[in-house]
Amino acid sequence: MRFELSVALKYLLPKRRQLSVSIISLVSILVISLVVWLVVVFLSVTEGIEKKWVEELVALNAPLRMTPKDAYYHSYYYQIDGVSADSNYSNKSIGEKLQAIATNPYDPSFDSELPQDFPTPDMHQDGSIKDLVKEGWETIFKADGFSHLSAHEYEVAFGNLKLELIRNTSPPLLSESPKETILNQVSYIASFENANKRLTSMLLPMSSADYSNLLEMLGKKREETSLSFQNRLIPFFDHINIETFETAKEGSLLPKSLYPKSATLRGVALLHQGKILKVYIPESIEKVDSTAHLLSTYGYEPLIGDLHFEEGSLLFSSLKDPASEVDSALFIVGGVEFAAKFLRDSLQSAKKLSDLQFEIAGKIQGIPIQGTLPFKGFNIKRVSSLESSQSAPYWIHKHAEKGFFIPFQNSLGEGIVLPKSYRDNGAHLGDQGTISYTRESASGFQEMRLPIYVAGFYDPGLMPAGNRIILTDPKVTALLRTNYSFSDGMIGNGISIWLPQLQDAPKAKVAIQKALEKNNLDKYWKVESFADYELTQPIFQQLQSDKTLFTLIALIILIVACSNIISMLILLVNDKRKEVGILQSMGASKFRIGLIFGMCGLITGLFSSLLGTLSAILTLKYLHSLVSLLNFLQGHEAFHQAFYGSELPNSLSLNALGFVIAATIVISILAGVIPAIKAARIQPSQTLRSE
Amino acid sequence: MAYENKNPILQARELSKSFYYPEPLDIFKNVSLDLHLGQSIAIMGASGEGKSTLLHILGTLERPNEGNITIAGQPVTPSKAAFLRNLHIGFVFQAFNLLEDYSAIQNVLMPALIGQKPIHKGSSAHQRAQELLSLVGLDSRSHFMTKLLSGGEKQRVALARALCNDPEIILADEPTGNLDSETSEKVHHLLFDLTRKFHKALVIVTHDKELAKLCNQVFYLKKGKLEQQQ
């Protein structure tokens, strides 16, 4: 091959007297490089996006699920609990079956006789009844080649969520009673799986508005709880340290005692029949006029003036009125931030939120203000978290050993974690409400209401119906459980199976299926991987179709680009007829002559692939710059965050690279075949004679 | 002749060649020839009699319509032709037929490269190429690109190239046809000196009677027959 390679390389070097061949050769290389670059960049980014989407799509569900088939629900093993006193005459869930001591709770001497059409039990050869759940559960861990699987029971129920949002809707500077709005939605209630490692990235951080709202809700008197105000608030302050406050939009009360004695502050007085009702003190002098203007638009009569102490009295002086004593309340307005320190002792005797005392420090119109202030008309601005083992926090939190926990059965009700869309609609941490569900009783169906509160938010990503999935503690889903005869594939009880690598799920599924077949349990259990889930299946199929379509398009573009090689090589063969004759006279066979031109095609393809790949690597490295340029050129965000995330994935896809390089090489070799045959057919005697 | 009792290095039997396009034409018929090591043969004849065609057939570059050739005891078949050509035959053409993008030494080494021999500096092929270039008086120009050489120099490079693989047979087609008389004479002497020195069999196709006289035997190709001049 040394001879063929050295001659091929010699032929491919651009030469002045082979200008046409050199130009076509250069164009071929550029076009193929461009296509390789485009395909590698596009496939790398799409593969990254697909990976991210796949992770988001399965973020709420385990990558594998094992669910009972109809045969399970019709089996003796499942049905027998309904007629056994030992099982309290109710069917058991998977988790309950796992914990049950007896496989067969039926006692013929005590329980009523079984009807004739009652299913017969599935027995082992030794005559014992098969424990379909425990044996199914154990089979998971017998799957060949998958030793790191973990399994948990999961349950999805449904109920109607009713959330009460109590919000201050009053316009700025005015104080009106809070208004209540209701959010109502029939939702899936899914048991929260703390084995879900992706959950950390799904959970949304709490905002200061969340903490403000939670504190507000905890401060309200509740009839359904016997807990004192102090006991309700202790867990909050055990875990949250309020660092700064911000004045509320209606203004925050400033006690006269805190007014700096030697300072003059400019304010806007609200007059009624010539008497000062309130004095607003804006955070800066520049905002005085706008505050006065806003008040006048409400129909009030604002008066701008200066506040100062004189002989122990606070006076308001304006052009209209030289000095009036201020008896009314002072309000700080304009979002002033104060450093705050909670005086925990004030909690002991507090009966309402405004009894809580904070030591504050800040500036108004450049004048320092410091002192102790009640919690009234302030919003929490900045907090830091505190570690405490004294109480459990009111929000979703991570336990050092057991993973994430959703609080349940506390003074606010059962904690639920809501999808992001609820937050977008104004829900905050601490908002309360109910989940209503129906319970079958002796007198028929009865509507039940379970008090709940918002304990956190998560981002369901692209998960279809994700906006309707509410996460709760498994004990809550167990409470909401009804019968499972719904046609809705989301609702049900089963086993979630986790494995370290998401992409191994389809193989693990097959391994578990085989293990089930081996133990004759396959008629009772169905194993699905994330690609099979009813909700995600269409999306995965669509992703696959898109990828196939683009791969086909990429292949066609590559074929067109590589077809340039044919033209280039045919020109080269014509140009080198004499040299081919000379080489043949020295003993080069027709095959080896053909090989030279085949190699010319291959080298062109390889070189182009290399050039395209290097460009692609550089492009991916500086992808953010390219995206910024696209954003600038389009005048808006080129890739919407909701779909593509905050940054486009930019890791090189080895699959894409492998595909493109292999395709380019194969097509280049094929492109070299025709010119190679043409070269091999050159008759040396003719070309040498023609000289 | 002293060759008669020895095995010929090249044996051609009953060679016939015809062309069918644009109209049927018999070039020669039933031509037989034996070539021995150390022997030199000149083939003369008028233009268009088929001398070069016969030379190409003898050198396995072209196939006869009938007849067969044996080189070094091996019959020439289409699959073996290139191999036998590389190993046993060196060509010298009227138009030199050097590879223009290569240097003189690269041209000389090309048959060795085709024969898959090592050609790096210090290899036996490289040493031989340098020796040959020295023998043809071009050792100082071994790295010159051949397009920069004169006609006589080019033909000397071609001669060195023909001898590179140490073939037993040298086939020369009007080797000095493109050279002036003074240069031609030098090349003639070089050609004969080297073939004698290395004990090669030489076939020359020429119109030059003086050159033909230097050969052991002179054949005439006339009206499709090859006849030896007595």
* To do: Mind listing just one residue for me: the one in region B:53-73 that is outside any loop (DSSP other than H, G, I, E, B) and away from chain A (no Cβ under 14 Å) and, of those, farthest from the chain's Cα centre (by Cα)?
  => B:GLU66
* Criterion (in contact with a Pro (Cβ under 8 Å, 6 or more places away or on another chain) and acidic (Asp, Glu)) met by exactly one of A:GLU250, A:GLU286 -> A:GLU250
* To do: Please identify the pairs in which a residue from region A:670-691 that is at the interface with chain B (Cβ under 9 Å from one of its Cβ atoms) has its Cβ atom under 7 Å from the Cβ atom of a residue that is charged (D, E, K, R), counting only partners at least 6 apart or on another chain.
  => A:SER685/B:GLU62; A:GLU691/A:LYS578
* Asked: So B:LEU98 clears everything in (1) crowded, with 23+ Cβ neighbours inside 10 Å; (2) part of a strand (DSSP E or B); (3) out of contact with any Gly (no Cβ under 8 Å at 6 or more places or on another chain) except one condition, right? Which one?
  -> (2)
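For the structure I just gave you, tell me whether A:GLU135 is assigned to a helix (DSSP H, G or I), of a type in the set (Asp, Glu), at pLDDT below 90 and not assigned by TED's automatic domain parsing to the domain that holds A:VAL454. Don't jump to the end; show me each part of the working.
Details: assigned to a helix (DSSP H, G or I): yes; of a type in the set (Asp, Glu): yes; at pLDDT below 90: no; not assigned by TED's automatic domain parsing to the domain that holds A:VAL454: yes.
Judged against the criteria, A:GLU135 is not a match.
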* Asked: If you take the residues of region A:640-691 that are within 18 Å of A:MET599 (Cβ to Cβ) and among the charged types (D, E, K, R), which of them is surrounded by the most Cβ atoms within 10 Å (Cβ to Cβ)?
  -> A:LYS678
* Exactly one condition in (1) modelled with pLDDT under 90; (2) in contact with a helix residue (DSSP H, G or I) (Cβ under 6 Å, 6 or more places away or on another chain); (3) not in a loop (DSSP other than H, G, I, E, B) is not met by B:ALA42; state its number. => (1)
* To do: List every residue pair whose Cβ atoms lie under 6 Å apart, where the two residues are 6 or more positions apart in sequence or sit on different chains, the first residue falls within region A:376-387 and is within 12 Å of A:ILE360 (Cβ to Cβ), and the second residue, located anywhere, is among the acidic types (Asp, Glu).
  => A:LYS381/A:GLU246; A:LYS381/A:GLU337
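Here's the yes/no breakdown for (1) within 42 Å of the chain's Cα centre (by Cα); (2) closer than 26 Å to A:ILE497 by Cα; (3) not assigned by TED's automatic domain parsing to the domain that holds A:ILE512:
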| position | (1), (2), (3) |
| --- | --- |
| A:SER75 | yes, yes, no |
| A:SER90 | yes, no, no |
| A:GLN99 | yes, yes, no |
| A:THR103 | yes, yes, no |
| A:PRO115 | no, no, no |
| A:ASP122 | no, yes, no |
| A:THR139 | yes, yes, no |
* Unmet requirement for A:ALA209, which otherwise passes all of (1) over 44 Å from the mean Cα position of the chain (by Cα); (2) among the aliphatic types (A, V, I, L, M); (3) surrounded by fewer than 18 Cβ atoms within 10 Å (Cβ to Cβ); (4) part of a helix (DSSP H, G or I) -> (1)
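Looking at A:ASP473, A:ASP431, which one is touching a Leu at 6+ places or on another chain (Cβ under 7 Å) and among the charged types (D, E, K, R)? Walk me through how you get there before you give the answer.
Details: A:ASP473 fails: touching a Leu at 6+ places or on another chain (Cβ under 7 Å).
Within the list A:ASP473, A:ASP431, the selection yields A:ASP431.
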* Output yes when any residue across region A:92-103 is surrounded by fewer than 17 Cβ atoms within 10 Å (Cβ to Cβ), touching a Ser or Thr at 6+ places or on another chain (Cβ under 9 Å) and in a helix (DSSP H, G or I), and no when none is. => yes
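Give the residues of region A:143-164 that are modelled with pLDDT under 90 and crowded, with 16+ Cβ neighbours inside 10 Å, sorted by residue number.
Residues of region A:143-164 that are modelled with pLDDT under 90, as a first pass: A:143-159.
Hits for region A:143-164 are A:ALA143, A:PHE146, A:LEU149, A:ALA151, A:HIS152, A:GLU153, A:TYR154, A:GLU155, A:VAL156, A:ALA157, A:PHE158, A:GLY159.
Residue by residue through region A:576-595, note down the ones that are assigned to a loop (DSSP other than H, G, I, E, B) and more than 7 Å from every other protein chain (Cβ to nearest Cβ). Show your work before the answer.
At the first step, the residues of region A:576-595 found to be assigned to a loop (DSSP other than H, G, I, E, B) are A:576, A:586-589.
Hit for region A:576-595 is A:LYS576, nothing else.
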* Structure fact -> When B:PHE93 is run through (1) facing chain A (nearest Cβ under 7 Å); (2) surrounded by fewer than 23 Cβ atoms within 10 Å (Cβ to Cβ); (3) more than 26 Å from A:MET1 (Cα to Cα), the failure sits at (2)
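Could you pull out the residue among A:ASP459, A:ASP424 that is surrounded by fewer than 20 Cβ atoms within 10 Å (Cβ to Cβ) and without any contact (Cβ under 8 Å) to a residue 24 or more places away in the chain?
Details: A:ASP459 fails: without any contact (Cβ under 8 Å) to a residue 24 or more places away in the chain.
After applying the criteria, what remains is A:ASP424.
Of the residues A:SER608, A:SER563, A:SER628, only one is part of a helix (DSSP H, G or I) and crowded, with 17+ Cβ neighbours inside 10 Å; which? If you could, list the steps in order and put the result at the bottom.
Working: A:SER563 fails: crowded, with 17+ Cβ neighbours inside 10 Å; A:SER628 fails: crowded, with 17+ Cβ neighbours inside 10 Å.
Just one listed residue meets the conditions, A:SER608.
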* Return yes or no: is A:ALA642 within 27 Å of the chain's Cα centre (by Cα), modelled with pLDDT under 90 and in a helix (DSSP H, G or I)? => yes
* How about region A:362-462: which strands (runs of 3 or more DSSP E) wholly inside it have at least 3 residues that are under 22 Å from A:ASN184 (Cα atoms)? -> A:414-419, A:432-441, A:444-458
* Structure fact -> The condition from (1) touching a residue at least 40 places away in the same chain (Cβ under 8 Å); (2) within 30 Å of A:CYS562 (Cβ to Cβ); (3) not hydroxyl-bearing (Ser, Thr, Tyr) that A:ALA59 misses is numbered (2)
* B:ILE27 vs. criteria in contact with a helix residue (DSSP H, G or I) (Cβ under 9 Å, 6 or more places away or on another chain), within 14 Å of chain A (Cβ to nearest Cβ), surrounded by 23 or more Cβ atoms within 10 Å (Cβ to Cβ) and in contact (Cβ under 8 Å) with a residue 40 or more places away in the chain -> no
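Looking for something under 19 Å from A:PHE316 (Cβ atoms) and not aromatic (Phe, Trp, Tyr) - is there at least one such residue anywhere in region A:235-244? Step through it out loud before you land on a result.
Taking region A:235-244 first, the residues under 19 Å from A:PHE316 (Cβ atoms) are none.
Scanning region A:235-244 turns up no residue that is under 19 Å from A:PHE316 (Cβ atoms) and not aromatic (Phe, Trp, Tyr).
Would you check if B:LYS51 is among the charged types (D, E, K, R), more than 30 Å from B:LEU132 (Cα to Cα) and touching a residue at least 60 places away in the same chain (Cβ under 8 Å)?
It is false that B:LYS51 is among the charged types (D, E, K, R), more than 30 Å from B:LEU132 (Cα to Cα) and touching a residue at least 60 places away in the same chain (Cβ under 8 Å).
Under the condition of being within 16 Å of A:LEU569 (Cβ to Cβ) and part of a loop (DSSP other than H, G, I, E, B), which residue from region A:1-16 is modelled with the highest pLDDT?
Of region A:1-16, the ones within 16 Å of A:LEU569 (Cβ to Cβ) are A:4-5, A:7-15.
Subset that is part of a loop (DSSP other than H, G, I, E, B): A:13-15.
Numbers: A:LEU13: 80, A:PRO14: 73, A:LYS15: 74.
Across region A:1-16, the extreme among qualifying residues is A:LEU13.
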* Structure fact -> Residues of region B:110-130 being of a type in the set (A, V, I, L, M), more than 18 Å from A:TYR11 (Cα to Cα), within 12 Å of chain A (Cβ to nearest Cβ) and under 19 Å from the mean Cα position of the chain (by Cα), in sequence order, are B:ALA112
* Asked: Among the residues of region A:287-335, which ones are β-branched (Val, Ile, Thr) and assigned to a loop (DSSP other than H, G, I, E, B)?
  -> A:VAL326
* Asked: Taking B:LEU35, is it surrounded by 14 or more Cβ atoms within 10 Å (Cβ to Cβ) and on the phi < 0 side of the Ramachandran plot?
  -> yes
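Give me a count of the residues in region B:131-164 that are of a type in the set (D, E, K, R), buried (at least 17 other Cβ atoms within 10 Å of the Cβ) and within 12 Å of chain A (Cβ to nearest Cβ).
Qualifying residue count for the region: 1.
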* Given the conditions (1) assigned to a strand (DSSP E or B); (2) exposed (fewer than 15 other Cβ atoms within 10 Å of the Cβ), report the number of the one that A:PHE342 does not fulfil. => (2)
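The values are calculated or read from the model by the stated rules, or taken from the named source; none is laboratory data. Worth saying up front: this structure is predicted, and the values here are computed from it rather than measured. Heads up, the Cβs are rebuilt from the backbone with ideal geometry, glycines too, and the neighbour counts pull from every protein chain shown.
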